[in-house]
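Each remark here refers to the structure printed beneath this line.
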Amino acid sequence: MCVNCKIRCRMSSRILAPKMARADTLCSQSLLEAGERPLERPLGGEPGDVKTQFVTREGTYRLMTLSEYSRPNRVGYQTQGQTPPQVRVSLVTLPDQGERICFNHGRELYVYVYKGIKKAADLSKPLEKKVYKGTNPTCHDFNVASASNESVSLLIGFSTGQIQLIDPIKKELNKLFNEERLIDKSRVTCLRWVPGSRSLFLAAHASGQLYVYNEELPCGSAAPHYQPFKAGEGFSVSTCKTKSTRNPLFRWLLGNGSAINELAFSPNGSQLAIVSQDGLLRVFQYDSMELLGTARSYFGGLLCVAWSGDGRLIAVGGEDDLVTVYSMEQKRVVGRAQGHRSWVAAVAFDWFLEAESCYRLGSVGHDTQLCLWELPEDALTPSKPKVKRRSDPLQLVGTPACPRLDECPVLEPLVCKKIAHERLTALVFRPDCIITACQDGYVYTWARPPS
């Protein structure tokens with residue numbers, strides 16, 4: 001069935017939205033049957049190379065082939081010689097109307113009703129489809145605090161530095177921040193709404209700067225001037241020097257200007273974890289802007305970060321091919337997980353399987369593998385200290401923030417399976433499924449074992 005519509009964007013000439021593409025008709029076969037049969041669309045590579053199910057102690061996880069989300073015509077995006085931004089996934093639950101899912105691919109961005117494992121994905125009816133000219137969407141985030149059945153706010157960051165705010169339900173909301181790139185000209189790397197706020201959000205950039213915005217306020221017509229507000233070890237915070245309050249409210253500068261790759265608020269919203277290309281995890285008390293702790297990669301940049309459900313642990317992954325676990329209570333690295341053969345692109349704790357005696361942790365990487373790890377409680381107890389060395393402020397390895405591999409527990413994966421032929425970029429745990437995404441623009445749903 002063909003769907004044709006025009007989406008109007010009140011944006012600069014660099015960002016335009018054309019007609020919607022033709023969509024395929026989906027088969028009406030039950031999802032349970034679909035989960036048992038091979039994929040109709042081969043994932044590429046050698047036959048049988050990619051797994052469509054895997055087994056853990058709680059049972060078998062199965063790929064639900066009719067719960068696959070992608071571009072409506074399922075044709076791969078042509079990159080025109082440039083590496084497209086990483087495919088990201090955002091979800092929001094509406095009070096009485098289920099979930100909405102957003103993902104980007106190349107120059108395009110889609111919002112669908114997410115039907116999970118119960119119904120087939122209908123790719124012919126996206127709630128929103130946008131195709132941008134001269135820039136690519138790089139990240140996005142729904143506002144959980146203000147979401148309702150009639151309205152939901154969605155932030156979108158771009159490779160050229162702008163930030164767009166839309167409402168894929170009402171279709172009336174359309175605002176641009178940093179439209180003329182006067183605040184920051186570098187790529188937007190991560191967007192996060194401040195937990196519990198209907199208007200405040202954070203925008204991280206490849207310049208190593210983090211900005212606090214209020215979506216109800218305008219941006220200035222000239223480049224902002226800043227005055228110092230707070231400074232600490234390896235970071236500084238400034239405010240705008242203006243007669244009237246304008247965006248950005250605050251500017252954070254971390255380290256020497258290395259790109260900020262991702263940030264995540266703790267489950268209670270009080271603390272903020274930030275990972276950057278300089279290989280550092282920094283944890284802040286958000287309201288007071290106090291630095292609470294740091295950890296360092298074994299080498300290379302850190303690309304992703306996630307909190308455990310109880311807020312005690314932080315997991316990070318990056319270019320050292322490791323998943324590193326940091327304890328907020330002990331202010332030290334308590335474990336490193338080995339299993340990936342390339343960069344780790346996304347990490348997440350499975351809050352739904354979190355128990356008092358054990359944590360479940362997942363990661364996906366550029367090696368196309370999904371790894372699951374278990375971190376038992378006894379691994380969090382401090383190990384006996386080795387012979388004390390004289391403190392060296394320039395020492396990078398062999399410290400609580402970056403122990404040597406023989407100085408902390410090394411975790412082996414519970415599961416490590418190749419589930420795609422393009423690098424994996426996103427991982428989300430839901431009550432009844434796991435969601436993964438890969439760089440070719442496909443978002444997959446894995447049904448959990450029956451309880």
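Observations on the model:
- Complete set of residues in region 93-112 that are buried (at least 21 other Cβ atoms within 10 Å of the Cβ) and hydrophobic (A, V, I, L, M, F, W, C): ILE101, CYS102, PHE103, LEU109, VAL111
- The set of residues in region 396-420 that are among the charged types (D, E, K, R) and closer than 15 Å to GLY362 by Cα comprises GLU412, LYS417, LYS418.
- Output for region 32-77, where each listed residue is at pLDDT below 60 and crowded, with 19+ Cβ neighbours inside 10 Å: ALA34, GLY35, LEU43
- At least 1 residues being open to solvent by 10 Å² or more (accessible area, probe 1.4 Å) and modelled with pLDDT of 95 or more is the threshold, and among the strands (runs of 3 or more DSSP E) wholly inside region 293-340 those reaching it are 302-307.
- SER199 touching a Lys or Arg at 6+ places or on another chain (Cβ under 6 Å) and either surrounded by 15 or more Cβ atoms within 10 Å (Cβ to Cβ) or not aromatic (Phe, Trp, Tyr) (or both): no
- Test: residue in region 234-248 that is in a loop (DSSP other than H, G, I, E, B) and buried (at least 21 other Cβ atoms within 10 Å of the Cβ): yes
- Number of positions in region 249-276 that are more than 18 Å from ARG187 (Cβ to Cβ) and in a strand (DSSP E or B): 6
The values are calculated or read from the model by the stated rules, or taken from the named source; none is laboratory data. Just so it is clear, the structure is predicted and the values come from calculations on it, not from any experiment. Cβ coordinates were reconstructed from backbone atoms using ideal geometry, including for glycine residues, and neighbour counts include every protein chain displayed. Ligands, DNA and RNA are stripped out before the accessible areas are found, and what is left, the full protein with its side chains, is counted by its heavy atoms. Shrake-Rupley method; radii C 1.70, N 1.55, O 1.52, S 1.80 Å.
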